[in-house]
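The values are calculated or read from the model by the stated rules, or taken from the named source; none is laboratory data. These figures come from a predicted structure and were not determined experimentally. Here the Cβ is made from the backbone with ideal geometry for all residues, glycine too, and neighbour counts use every protein chain on show. Surface areas here come from the heavy atoms of the whole protein model, side chains and all, with no ligands, DNA or RNA. Shrake-Rupley method; radii C 1.70, N 1.55, O 1.52, S 1.80 Å.
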Amino acid sequence: MVRLVPDISRGSKTYGLLAYLYGPGKHDEHFDPHMVASFDGFAPDPGRDPAASLKQLEQVLDLRVNQLGPRRPKKHVWHCPVSADPEDRLLSDEEWAEVARRVVAAAGIADPGDPDGCRWIAVRHDPRHIHIMATVVRGDGRQARLHGDAQRAQDECRQIEKDFGLKQLNPGDKTAAKRPTSAETHKAERLGRPEPVRLQLRDQVRRAVAGCQTEAEFFDRLAAAGLLVQRRIGPSGDTLGYSVADPDDRNGKGDPVYFPGSKLAPDLSLPRIRKRLSGGVRAAEASTVEQGDPATGKARVPGSKAARARRDAAAAVDDATQTIEEGNEEDAAAQLVGAIEIIDVLAVRAPADTRVQLLAAARAFERASRSHVRAERADNRAVRAAAREMLSSGYSGNRGEDGGVTAMLLSALILLAVASARWHSARSHAQQAAAASAAAEQLRAAYATVAARPMAAMAARGRSLPSSVRERQDAVIRAKLPDVGTEHGGSDWDALAATLAEAEAAGHDPAALLEKARNRRELDTADSVTAVMVWRVRRIAKLSAAPLAQPETGVRTRSEGPAAPAPAPGRQARNSRR
């Protein structure tokens with residue numbers, strides 16, 4: 001259950017639900033169960049009246065259901081838990097009673113003053129939530145009209161939050177994935193699982209799509225992840241849909257519990273996945289240039305295959321961010337879908353020290369990637385190709401060059417997440433904007449862990465530069481980044497000075513290089529502009545992402561002649577002679 005969000009479900013056993021509501025709970029978590037409101041204010045309350053029993057209350061609630069005889073609906077029990085946020089003040093019984101009356105009225109259970117409204121009760125067995133239970137047969141023998149009850153109840157809860165001064169949730173737009181039901185949540189608690197199976201399956205299926213080229217590859221990945229897969233086959237022999245199950249998740253008969261892809265998330269249905277795959281993936285445009293060609297003498301980026309794949313991904317993320325900020329809506333929406341694949345792959349390849357934050361970022365950004373804006377016209381193949389490259393390049397740790405390029409990629413992803421939040425906010429996509437902001441926070445936490453070592457090494461180099469070299473780079477930074485003077489003297493500034501000096505030694509013009517990096521996109525959303533510039537300059541100049549801590553002593557301007565070979569990787573020295 002979550003704060004003032006109705007979690008509506010339907011069932012067939014009135015007594016069973018009453019026994020749970022008035023019982024001790026699965027883990028003795030129920031405290032002082034009692035009724036705070038009912039359909040007429042006089043329903044027997046076994047929690048406070050010693051003479052009342054669960055059986056008596058069942059008979060009262062089921063009266064109209066039983067009057068229908070063989071016409072009684074099979075699922076006649078309506079159940080809706082409603083919770084307040086842990087940070088909210090405690091509501092009184094009278095306030096919870098008002099919440100219950102407003103929710104049942106909004107849902108269509110019982111309008112105020114309607115003598116034929118359905119019978120209902122609200123039970124409180126925890127300081128921060130209530131359970132509303134109703135039977136859905138009206139006094140005139142008709143069933144309550146409950147189509148759209150969840151949305152109406154949610155809308156009313158948003159208004160209750162305002163009226164009661166509670167923490168307000170963002171309004172939904174019906175693009176969110178289906179939440180786990182109360183039964184799924186209770187099952188996870190009973191079995192000691194950290195979360196309901198539905199959420200885990202959603203993550204696993206989403207990762208199987210990341211960077212995928214064909215439908216066959218998608219199904220192979222599901223099987224490789226250890227999931228049970230059922231395909232729905234049409235008369236023509238074509239696959240019409242699919243369902244997945246966790247081998248350890250069984251029902252009462254011992255059979256696996258399957259979830260259709262469309263029930264995990266709207267964009268995980270087979271038609272939507274096919275649409276994503278139909279665009280294919282292509283090699284990132286810059287990859288052949290950045291990796292280099294020994295036959296032509298082009299500069300080759302240092303590092304492992306995994307490191308080079310992450311460099312390509314950072315470049316693709318930068319381009320996607322620019323599209324989100326400057327492109328049309330359809331193109332921007334497509335880049336959001338592509339970006340989640342990069343975050344997914346980064347999360348599953350991450351070492352233990354950042355995996356938790358990146359998995360949380362992926363789950364949050366998944367919500368930000370889905371809205372009513374359809375990615376009809378856009379081409380996100382470059383972003384999806386970058387995810388595929390990362391997936392096929394093997395494991396990458398957070399040390400050395402691999403760690404440096406991971407920090408480079410995370411820096412780009414943070415700006416993309418922030419740009420996504422702004423894009424959604426401008427379109428009043430409240431839930432997506434909040435999700436993108438949450439993803440940015442998780443990405444920042446991962447970045448802080450990964451970037452600490454390489455940034456400290458570069459800052460040490462910056463502080464140890466010869467005074468003439470240091471003054472020259474400081475002047476370039478002030479001239480090209482006039483708004484970052486407050487960052488002068490910080491470690492990120494030192495790291496940028498060292499980066500420009502290293503680029504100069506490799507034959508680049510620091511001023512032109514910094515201007516090119518600055519003009520890639522706006523920097524208003526960056527926590528540290530100089531830190532962002534460090535990674536952009538290093539990527540554009542094809543510098544190592546994990547330089548040695550000691551400064552190079554042979555740094556000169558181009559007018560002074562070529563630089564002496566430095567202790568950094570030999571490729572940089574060869575570049576400087578060119």
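In this entry, ARG461 is excluded by the filter for residues that are under 22 Å from the mean Cα position of the chain (by Cα) and either farther than 22 Å from SER491 by Cβ or not aliphatic (A, V, I, L, M) (or both). Residues of region 457-487 that are closer than 17 Å to VAL534 by Cβ and outside any helix (DSSP H, G or I): SER464, LEU465, LEU481.
Report yes if GLY108 is open to solvent by 20 Å² or more (accessible area, probe 1.4 Å) and on the phi > 0 side of the Ramachandran plot, otherwise no.
For GLY108, the condition - open to solvent by 20 Å² or more (accessible area, probe 1.4 Å) and on the phi > 0 side of the Ramachandran plot - is met.
Quick one: which of ALA51, ALA19, ALA37, ALA43 is of a type in the set (A, V, I, L, M), in a loop (DSSP other than H, G, I, E, B) and touching a residue at least 24 places away in the same chain (Cβ under 8 Å)?
Of the residues listed, the single one that is of a type in the set (A, V, I, L, M), in a loop (DSSP other than H, G, I, E, B) and touching a residue at least 24 places away in the same chain (Cβ under 8 Å) is ALA43.
In region 498-517, the residues that are free of Cβ contacts under 8 Å to residues at least 40 places away in the same chain reach residues that are part of a loop (DSSP other than H, G, I, E, B) and not polar (S, T, N, Q) with C-beta atoms within less than 8 angstrom, at least six apart or across chains, in these pairs: HIS508/ALA541; LEU513/ALA541; LEU514/LEU481.
Could you run through region 495-524 and say how many residues are of a type in the set (D, E, K, R), within 16 Å of LEU543 (Cβ to Cβ) and in a helix (DSSP H, G or I)?
Count: 3.
In region 121-166, which residue that is assigned to a strand (DSSP E or B) and charged (D, E, K, R) is nearest to the chain's Cα centre (by Cα)? Restricting to residues being assigned to a strand (DSSP E or B) and charged (D, E, K, R), the top hit is ASP126. Do the conditions hold for ARG521, that is, is it open to solvent by less than 20 Å² (accessible area, probe 1.4 Å) and at pLDDT below 80? When the stated conditions are applied, ARG521 passes them.
Only residues that are of a type in the set (Phe, Trp, Tyr) and outside any helix (DSSP H, G or I) were counted across region 95-120, and they come to 1.
Across region 2-30, the qualifying residues are those that are at pLDDT 85 or above and open to solvent by 70 Å² or more (accessible area, probe 1.4 Å), and the one among them that is farthest from ARG119 (Cα to Cα) is PRO24.
Taking ARG202, is it assigned to a helix (DSSP H, G or I), open to solvent by less than 40 Å² (accessible area, probe 1.4 Å) and touching a helix residue (DSSP H, G or I) at 6+ places or on another chain (Cβ under 6 Å)?
Judged against the criteria, ARG202 is a match.
On the stretch given as region 181-198, residues that are touching an Asp or Glu at 6+ places or on another chain (Cβ under 9 Å) and either open to solvent by less than 20 Å² (accessible area, probe 1.4 Å) or touching a residue at least 60 places away in the same chain (Cβ under 8 Å) (or both) total 7. Pairs linking a residue in region 234-255 that is open to solvent by less than 50 Å² (accessible area, probe 1.4 Å) to a residue that is assigned to a loop (DSSP other than H, G, I, E, B), with Cβ atoms under 6 Å and 6 or more positions apart or on different chains, are SER243/TYR258; VAL244/LEU227; ALA245/VAL257; ALA245/TYR258; ASP249/VAL257. Taking the conditions (1) open to solvent by less than 50 Å² (accessible area, probe 1.4 Å); (2) in contact with a helix residue (DSSP H, G or I) (Cβ under 9 Å, 6 or more places away or on another chain) in turn, ASP126 satisfies each one other than (2).
In region 62-80, the residues that are over 23 Å from ALA97 (Cα atoms) reach residues that are among the polar types (S, T, N, Q) and open to solvent by less than 70 Å² (accessible area, probe 1.4 Å) with C-beta atoms within less than 6 angstrom, at least six apart or across chains, in these pairs: VAL65/THR135; LYS74/SER12; LYS75/SER12.
Starting from residues that are hydrophobic (A, V, I, L, M, F, W, C) and touching a Gly at 6+ places or on another chain (Cβ under 8 Å), keep the ones in region 317-367 and report whichever is surrounded by the fewest Cβ atoms within 10 Å (Cβ to Cβ).
Here the residue is VAL345.
With respect to being part of a loop (DSSP other than H, G, I, E, B) and among the aliphatic types (A, V, I, L, M), VAL418 falls outside the description.
Tally time: how many residues in region 525-539 are assigned to a helix (DSSP H, G or I) and small (Gly, Ala, Ser)? Of the residues in that region, 1 qualify.
Quick check: is even one residue across region 513-528 of a type in the set (Val, Ile, Thr) and closer than 17 Å to ALA419 by Cβ?
Checking region 513-528: at least one residue is of a type in the set (Val, Ile, Thr) and closer than 17 Å to ALA419 by Cβ.
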